[in-house]
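Undergrad: Handing you a structure now.
Read-outs: derived from the displayed coordinates by stated rules, not from any lab. Keep in mind that what you see is a predicted model, and the values were worked out from it rather than measured. Here Cβ is always computed from backbone atoms with ideal geometry, including for glycine, and neighbour counts include all displayed protein chains.
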Amino acid sequence: MGHRMFEYNADVTNMIFDYCRERLSLDPVPLDYGSLTPEPLASLDGLICPEGHAPDEILSFFKQNLAPAVISIDAPTFLAFIPNAPTKNSLLFDMVVACSGLNGTSWLEAAGVVVAENQALEYLAGLAGMPPSAGGAFVSGGSMGNLSGLTVGRDLGRRRRPEIAAHQLRYAISADAHSSVGKALHVLGMETLVVEADDHRFTLEGLLGALAADEHPESVIGVVATAGTTNAGIVDDLEGLGAYAREHELWFHVDGAYGGAALFSPTHRHLFSGLRHADSFVVDPHKWLFAPLDCAALLYREPHVARKFLAQQAGYLDILHADKDEDYEWNPSDFAIHLSRRARGLPFWYSLVTNGTTAYETAVQAAIDLARASAALIDELEHVELVRESSLSVVLFRRPGWSEEDYVAWSHRLLREQIAFVTPTKWEGETIARFAFLHPDTDLDLVARVLETMR
Ligand SMILES: Cc1ncc(COP(=O)(O)O)c(C=O)c1O
């Protein structure tokens, strides 16, 4: 007889599957409350105890007390930060990954996972115009993708510029780069050359001006561009920056964690042509490619370079690198700052393969079109005004006369009344309102309703 914890229990299984079925069938998904729940959060005291509790009791506790205290990031009414709208097939396949305990660490252990994940990565690399040799791994998020890609660029920079002290090596970045880039450079102990952006867009002209004015331009070993800034959806001058970086042997890292998904947009994919120069590129399927958290695609132009710097070495791991055909024997663990990993790319792969790429194009385009329509609506209304034209799926606007406190109170009211989750942001020092669209079921009626609440 096996251990009780590992025995299959049909009742518990049915109960959990029923709950999952119920959650999957909700249409629309309720927004729920996060920390603004009408009831105070229930106490969890005593739940961890020697004998354990009945699974049905704890599932009910979760349903009643914990689930409502989480804002549904997959609700079409979640318009804050960057939402996440997993397709049904991606959620279902995440259950397959979970119930199979699917490991995605190495070729030896998980070749079946690796070939499928690599098919999805290859498709993304192809859209980005990267060479057929490009490859990488799915990591936990854009933050880990940025840290890993920038580590490889830093280590290559050290090799290329041995005459410069390691702590003096710098990346050129713009002030609009995501906070995770700043955090990664902090971890790496690197300084930055912060380039003045042209209306928040990092351009080649800006880079050249900053290098010309700098005392030590030779210490810049790489350029970090953003393909879709988080705050405003702006795509940097990838073509200009990328071509310059390639020509001057600078590592070109492109953070497309949010906006890279617009490679699927028939109207906007041309903005990304410069991605073909990228040495490392991050795009998060858990943002705008409709996969569940947590899943970011990290791609390298020359994966063998990344492997050289990032693969973990240990006696007990030597067997993972026993096959000398490195392009065939592909260990996802070799391409980022991680080792063990769940097969987090498979829900995305399953969704892409089953829904087809046309469905992805339509869904990505829907958010861009809604952003444009919302901007036009804001233009028509007299009590709100656009701060700038919409970019990708982000709209920045203001309610003239409102203070930061007004925006925060309004955001909380919308959530308490379960209308939508919209949060303010800062733009050039001013607190304003921001929509980030992503779910293809979000519509202009909701936008109009939210705007009415600002009168
Ligand atoms: C441009 C950009 N880069 C990086 C990140 C960080 O990604 P993650 O939250 O997956 O770590 C974000 C998150 O919104 C982002 O928008």
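Undergrad: For the stretch 151-164, take each phi angle, set θ = phi - 60°, evaluate the Karplus expression 6.51 cos²θ - 1.76 cosθ + 1.60, and give the result in whole Hz per residue in order, putting x for glycine and proline.
TA: 5, 4, x, 5, 5, 5, x, 4, 5, 6, 10, x, 6, 9
Undergrad: Averaged over every viewing direction, what's the projected area of the C-alpha convex hull for the stretch 358-452? Give it in nm², one decimal, please. Present the calculation step by step, with values, prior to reporting the outcome.
TA: Values: hull surface 24.0 nm².
Averaging across all directions leaves 6.0 nm² for the Cα convex hull.
Undergrad: Scan around Ala137 for amide H atoms under 5 Å from its own, H built in the peptide plane at 1.01 Å from N, and keep only partners 5 or more places away or cross-chain.
TA: Leu298
Undergrad: Hey, another quick one. Where in the stretch 54-73 does the label zone of Asn14 land, with the point 7 angstrom along Cα→C-beta and an amide N cut-off under 19 Å?
TA: 54-60
Undergrad: Please rank Leu36, Leu438, fewest neighbouring Cβ atoms within 10 Å first, as an exposure proxy. If you can, show how the numbers build up before the last one.
TA: Details: Leu36 14, Leu438 27.
The order, fewest Cβ neighbours first, is Leu36, Leu438.
Undergrad: Quick one: Cα centre-to-centre distance for the stretch 203-260 and the stretch 145-174, in angstrom?
TA: What the calculation gives is 14 Å, centre to centre.
Undergrad: Let me ask another. Pick out, in residue order, every one of the trypsin sites (Lys or Arg not before Pro) in the stretch 91-176 that is DSSP loop and has at most 13 other C-beta atoms within 10 Å; say none if there are none. All intermediate terms of the calculation are to be shown ahead of the outcome.
TA: Numbers: sites: Arg154, Arg158, Arg159, Arg160, Arg170; in loops: none.
Within the stretch 91-176, no trypsin sites (Lys or Arg not before Pro) qualify (loop, at most 13 other Cβ atoms within 10 Å).
Undergrad: Could I ask something else about it? Which ³J(HN,Hα) values, rounded to whole Hz and listed in residue order, are derived for the stretch 304-309 from phi using the Karplus coefficients 6.51, -1.76 and 1.60 in 6.51 cos²θ - 1.76 cosθ + 1.60 with θ = phi - 60°, glycine and proline given as x?
TA: Those phi angles translate into 5, 5, 4, 4, 4, 8 Hz.
Undergrad: If the cut-off is 15 Å between C-alpha atoms, which aspartates and glutamates fall inside it for Lys183, apart from same-chain ones fewer than 8 positions away?
TA: Lys183 reaches Glu191, Asp255.
Undergrad: Note down the net charge around Leu26, summing +1 for each Lys or Arg and -1 for each Asp or Glu among other residues with Cβ under 15 Å from its Cβ.
TA: -2
Undergrad: Same structure, new question: Of the GluC sites (Glu not before Pro) in the stretch 292-381, which ones lie in a loop per DSSP and count no more than 15 other C-beta atoms within 10 Å?
TA: Glu326
Undergrad: Another one. Using amide H atoms built in the peptide plane, which far-off residues or other-chain residues are under 5 Å from Ser174 H to H?
TA: Answer set, sorted by chain and number: Val195.
Undergrad: Over the Cα atoms of the stretch 97-356, Rg to Rh with Kirkwood Rh, two decimal places?
TA: Using only Cα positions, Rg/Rh for the stretch 97-356 is 0.97.
Undergrad: Between Rg and the Kirkwood Rh of the chain, both from Cα atoms, what is the Rg to Rh ratio?
TA: Here Rg/Rh amounts to 0.99.
Undergrad: With N set to the number of residues, divide the alpha-carbon radius of gyration of the stretch 301-343 by 2.2 N^0.38 Å and report two decimals.
TA: Details: Rg = 10.1 Å, N = 43, 2.2 N^0.38 = 9.2 Å.
Output field value: 1.10.
Undergrad: Can you sort Asp445, Asp255 by how many other beta carbons sit within 10 Å, fewest first?
TA: By the 10 Å Cβ count, ascending, the order reads Asp445, Asp255.
Undergrad: Quick check for you: which residues of the stretch 232-266 have the amide N under 13 Å from the point 7 Å beyond the Cα of Ile164 toward its beta carbon?
TA: 248-252
Undergrad: Whose amide H sits under 5 Å from the amide H of Trp427, counting only residues 5 or more places off or on another chain, with H placed in the peptide plane?
TA: Counting only residues 5 or more places away or on other chains, the set is Ile432.
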